[in-house]
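The values are calculated or read from the model by the stated rules, or taken from the named source; none is laboratory data. Because the structure is a prediction, the values reported are computed rather than measured. Note: ideal-geometry Cβ built from the backbone for every residue, glycine included; neighbour counts use all protein chains shown. The area values use the complete protein model at the heavy-atom level, side chains included, leaving out ligands, DNA and RNA. Shrake-Rupley method; radii C 1.70, N 1.55, O 1.52, S 1.80 Å.
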Amino acid sequence: MSDASLNTVTSQTGEADFGDYFALLKPRVMTLVVFTALVGLLAAPVGVHPVVGFAAILFIAVGGGASGALNMWWDADIDRVMKRTRSRPIPAGRISADEAFAFGIALAGFAVVMLALATNLVAAALLAFTIFFYVVIYSMWLKRWTPQNIVIGGAAGAFPPMIGWAAATGSVSVESVLMFALIFMWTPPHFWALALFMRSDYENAGVPMLTVTHGRRVTRVHILVYTILLAALAVGTGFTAVGGPLYLAVALVLNALFLIGALRIWRRDEDAAEADGYAVEKRFFRLSLYYLFLHFGAIALEAALVPYGLGGW
């Protein structure tokens, strides 16, 4: 049931409340969007009035939430099948797919227009493209078509720091592209680690995740390769304008731990993984959550220390 028209069918089991509509925004994903966009804003070499900065982050968050709502509208059929998503508002019958679609479209339009008014057209255009990319390119096309869905689709989650930077500067620069690249390269090993111990969910839903189409052994190799590339990028960023001694120290420690985790995953066979309930893979997945927040936290701290002559090189 991949046709969006079928997603409009839902059995109402109860009235929606504020929490259900908030859940449509994917608040956990929105946290990452807000945080990385804020870092992009703070790391920019141009000062922004606090009110303008607050408005920018607010409208970027609303745009991210709109993407989440539209993604849930389109993926309602998949969400009904997967264990970790079947309690979401649409498959649970608390919100109809039509309501979710209208909610998402309204929020998307509001966010883009208000960001343009609060900051500039470049930031608004990037936000509009991000919503389009996540909903149309990733959700409607890549996710159900290719095992490279996470690799290419990861760009959608990588745009927020670039939008934050553009909100401050009105442009895109090498520094904002580096922050984009950091999230882009982090996304595959992060989600493939999840897919290793959630393979049956994706298989049952018919999503061509790498673990489903090529197996766990190939996925383990891909995790190691992408982690090596990510480590090179993350450490190299420490020697750029958004880096500095503090960031470099954080990057060296985190990427050493990440590489060790990826090596352990690569060496594992399925018998060992099943015997301990994919404990190594789950630890790597949890580490990946801290990995991104700590890297971007270090970028923010470097930017905060610059006025005191302590941040950067």
*Could you sort GLU274, GLU99 by accessible area so the largest value comes first, with the probe set to 1.4 Å?*
GLU274, GLU99
*Could you give the size of the charge dipole of the chain about its Cα centre, using +1 on the Cβ of each K and R and -1 on the Cβ of each D and E, expressed in debye and rounded to the nearest 20?*
580 debye
*How much length is gained on full extension from GLU270 to VAL218, taking 0.36 nm per residue of separation minus their Cα-Cα distance?*
17.5 nm
*Gain in span if fully extended, LEU117 to SER171, counting 0.36 nm per residue against the direct Cα distance*: 17.9 nm
_So if I take the centroid of the Cα atoms in the stretch 92-133 and the same for the stretch 239-276, what is the distance between those two points in Å?_
35 Å
*With every protein chain left in place, what is the accessible area of ARG283 in Å² (1.4 Å probe, nearest 10)?*
120 Å²
*Between ASN255, ASN120, ASN204, which gets the highest mean-square fluctuation from a Gaussian network model of the chain, Cα cutoff 10 Å?*
ASN204
*Roughly how many Å² is the accessible area per residue of the chain, as a whole number, for a 1.4 Å probe?*
43 Å²
*In deg cm²/dmol, rounded to 500, what helix-only [θ] at 222 nm does the chain give when every DSSP H run of at least 4 residues adds -39500 (n - 2.57) and the total is split over its residues?*
-23500 deg cm²/dmol
*Indicate the helices, whole DSSP H runs only, in the chain that combine a mean Kyte-Doolittle hydropathy of 1.6 or more with a Cα extent along their long axis of 18 angstrom or more.*
27-43, 97-118, 245-267
